[in-house]
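Remarks on the structure that follows.
The values are calculated or read from the model by the stated rules, or taken from the named source; none is laboratory data. Just so it is clear, the structure is predicted and the values come from calculations on it, not from any experiment. Reconstructed Cβ throughout: ideal geometry from the backbone, glycine too, with neighbour counts over all protein chains shown. Only protein heavy atoms, including side chains, enter the accessible area calculation; ligands, DNA and RNA are left aside. Shrake-Rupley method; radii C 1.70, N 1.55, O 1.52, S 1.80 Å.
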Amino acid sequence: MARKHKKHRHEEHIDESWLIPYADLLTLLLALFIVLFASSTVDVQKLENLSVVFNEIFDGGMGVMENPSPAPLPIPEAPNESDQESSAFIEDQKSLEEIQNRVDEYIAVNELESQLATELTDEGLLLTIRDSVLFDPGSANIKSEYSQIAEEIATLLEFDPPRSIIVTGHTDNIPMNTSEFASNWELSVMRAVNFLKMVVENPDLNPLLFSAKGYGEFKPIASNDTAEGRAQNRRVEVLIQPLVLKDGTESNTN
């Protein structure tokens, strides 16, 4: 009975030899998963790097496509039309200033400061001539001794390109009523016309660019209550007009 019982106990023992290959298998699988995990980690890192690059490109960052080579040359902006007009006006004003300097030099050299004066205005360069330089009181005829001044002024009015010139006569408020002139208007106009006629005798000047007018006593620059003021009001003005107006348009007087 004892032998039989011993045999029964031997049959109940479980064989565990299969655990060895199973453990090896698990080890191999673990190694495989480790390798796969490592590989997947590298791929994720690469993917993250690529993601960063593309995000920089599409978000306006310093991506690889932001500065392609060769870089395109910048296209210069076309000048604004208003800038061109302003530039043309400024250049024309500089030209008028040069003319003024030339006339002022003539005045200084000939010591005519008390008889001639220049002023740069919005309407152009204004040359003012006291009437005593050119005319006797109540007369519109240019004095023979001052005809040379008119000729020299004509030379100063030679421009390239040519400019329109307006000659204007002015008087004081002393009434004029003679057989020759019924009013100061007529006297001022004839003084302007006679001076203009002498100027355009210069063959280098185009008479089509000259005009004359008279304001009589109605545009004074000083008070007519004093002799000094009336003397200033008796004058002939030569207006040298600009080629380009302040708004940039060309003067339509040419």
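Hey, among GLU105, GLU113, which residue is touching a helix residue (DSSP H, G or I) at 6+ places or on another chain (Cβ under 7 Å), open to solvent by 80 Å² or more (accessible area, probe 1.4 Å) and either farther than 25 Å from GLU201 by Cα or of a type outside the set (Val, Ile, Thr) (or both)?
Criteria check complete, one pass: GLU113.
What are the residues in the range 158-178 that are over 21 Å from LYS143 (Cβ atoms) and open to solvent by 40 Å² or more (accessible area, probe 1.4 Å), if any?
Matches in the range 158-178: GLU158, ASP160, PRO161, PRO162, ASN173, PRO175, ASN177.
Given the criteria touching a residue at least 60 places away in the same chain (Cβ under 8 Å) and closer than 17 Å to ARG235 by Cβ, does ILE153 qualify?
Yes: the conditions hold for ILE153.
Within the range 124-138, does at least one residue satisfy the condition of being closer than 13 Å to ARG235 by Cα, in a loop (DSSP other than H, G, I, E, B) and of a type in the set (Gly, Ala, Ser)? Spell out the reasoning first.
Pass one, the range 124-138, residues closer than 13 Å to ARG235 by Cα: 126-138.
Those left that are additionally in a loop (DSSP other than H, G, I, E, B): 136-138.
Still in the list and also of a type in the set (Gly, Ala, Ser): 138.
The answer is yes; a qualifying residue exists.
Just one of (1) in contact with a helix residue (DSSP H, G or I) (Cβ under 9 Å, 6 or more places away or on another chain); (2) loosely packed, with under 13 Cβ neighbours inside 10 Å; (3) at pLDDT 95 or above trips up ARG191, so point out which.
(2)
Identify the residue in the range 239-254 that is open to solvent by 40 Å² or more (accessible area, probe 1.4 Å) and of a type in the set (Val, Ile, Thr) and, among all such residues, is modelled with the highest pLDDT.
THR249
For residues that are among the charged types (D, E, K, R) and farther than 22 Å from LEU125 by Cα, scanning just the range 139-157, find the one that is surrounded by the fewest Cβ atoms within 10 Å (Cβ to Cβ). Full working, then the answer.
Filtering the range 139-157 for residues among the charged types (D, E, K, R) gives 143, 145, 151-152.
Within this subset, residues satisfying the condition of being farther than 22 Å from LEU125 by Cα are 143, 145.
Numbers: LYS143: 14, GLU145: 8.
The extreme case among them is GLU145.
Could you list all residues from the range 163-192 that are in contact (Cβ under 8 Å) with a residue 40 or more places away in the chain and not in a loop (DSSP other than H, G, I, E, B)?
ILE165, ILE166, VAL167, THR168, GLY169, HIS170, LEU187, MET190, ARG191, ALA192
Kindly evaluate GLU201 against the criterion of being modelled with pLDDT of 95 or more and more than 35 Å from the chain's Cα centre (by Cα). Show your work before the answer.
On the way: modelled with pLDDT of 95 or more: yes; more than 35 Å from the chain's Cα centre (by Cα): yes.
Against the criterion (modelled with pLDDT of 95 or more and more than 35 Å from the chain's Cα centre (by Cα)), GLU201 qualifies.
Kindly indicate whether GLN100 is under 42 Å from the mean Cα position of the chain (by Cα) and modelled with pLDDT under 95.
Values: under 42 Å from the mean Cα position of the chain (by Cα): yes; modelled with pLDDT under 95: no.
Criteria not met by GLN100.
Among the numbered criteria (1) within 32 Å of the chain's Cα centre (by Cα); (2) part of a helix (DSSP H, G or I); (3) not hydrophobic (A, V, I, L, M, F, W, C), which single criterion is violated by SER147?
Only one criterion is unmet by SER147, namely (1).
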